[in-house]
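Each value in this text was obtained by applying a stated rule to the coordinates, not by laboratory testing. Every value quoted in this text rests on a predicted model; they were computed, and no experiment measured them. Note: ideal-geometry Cβ built from the backbone for every residue, glycine included; neighbour counts use all protein chains shown.
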Amino acid sequence: MTPMTPESPAPSGTPAPGISAASATPASPSGRPDSSATPTSPSGPSDPSATDAECLALTRSLRRRGTLVLSVFAVVWAFAGASGLATSGAATAVEIVAVALTAVAVLLAYRKGAAPSPRLVSLPPNWGRAIGIVNGVEVVAIFAVIAASNASGHPGFIPAAIALVVGLHFFPLARFYDQWQYKVTAVLLSVVGVAGFALLAAGLTDESVRAVVGLASAAVLWASAYHVAVKG
């Protein structure tokens, strides 16, 4: 699930640390590599300008795919939140707005003529494998909290628990993708999850909590997606 803190830019003329200019393969936030964007190693002596171009292409690809995944999961959360609203008319309105917001975010990320990313990513060694592990742990944790909530007779815990799990998984993703916005995403989603539990403890109905947690989580993911799409 999937699916907003500052670093120094990579020096001009050198590849970002942890990236091989000849073999770096971008991956989406789900951890799957994208072979279509693999830079090609030039023959002969290393060309700094070519290296910069490869790193820039990798940076752009990661941020575009990040925007896509964030926006898609924002729609999922919005639909979940809409299911907790009191009227079908309100739910339908939320769903229409959700689809529109996601479409605009994706268009912004993939638009032609967009300004170059202001900073090249600086990926750690084995970043793709690490992302795959993080996402795998997230999926297992989500299934675990769903099973535990249902087994304990508290299905209303599920939205808040999932929001907390998703929020926590963004902390390592922020490092492995070298995307500072994901740290803010992690904090805000974690706060939403904790707030959901607090609302349940205060006596709100499961439907009300699902609406609050779902729509708040969607808002956080959209804010992250738009910031990554526009600011890089």
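A few comments on the model shown:
- Cα gyration tensor shape of the range 47-206, rounded if a/c is under 1.5, else prolate or oblate by comparing a/b with b/c: oblate
- The trypsin sites (Lys or Arg not before Pro) of the range 105-198 meeting both criteria, a DSSP state outside H, G, I, E and B (loop) and at most 12 other C-beta atoms within 10 angstrom of the site's C-beta, are ARG111, LYS112.
- Karplus-based coupling profile of the range 128-133, in residue order and whole Hz: x, 5, 4, 5, x, 5, with θ = phi - 60° in 6.51 cos²θ - 1.76 cosθ + 1.60 and x standing for Gly or Pro.
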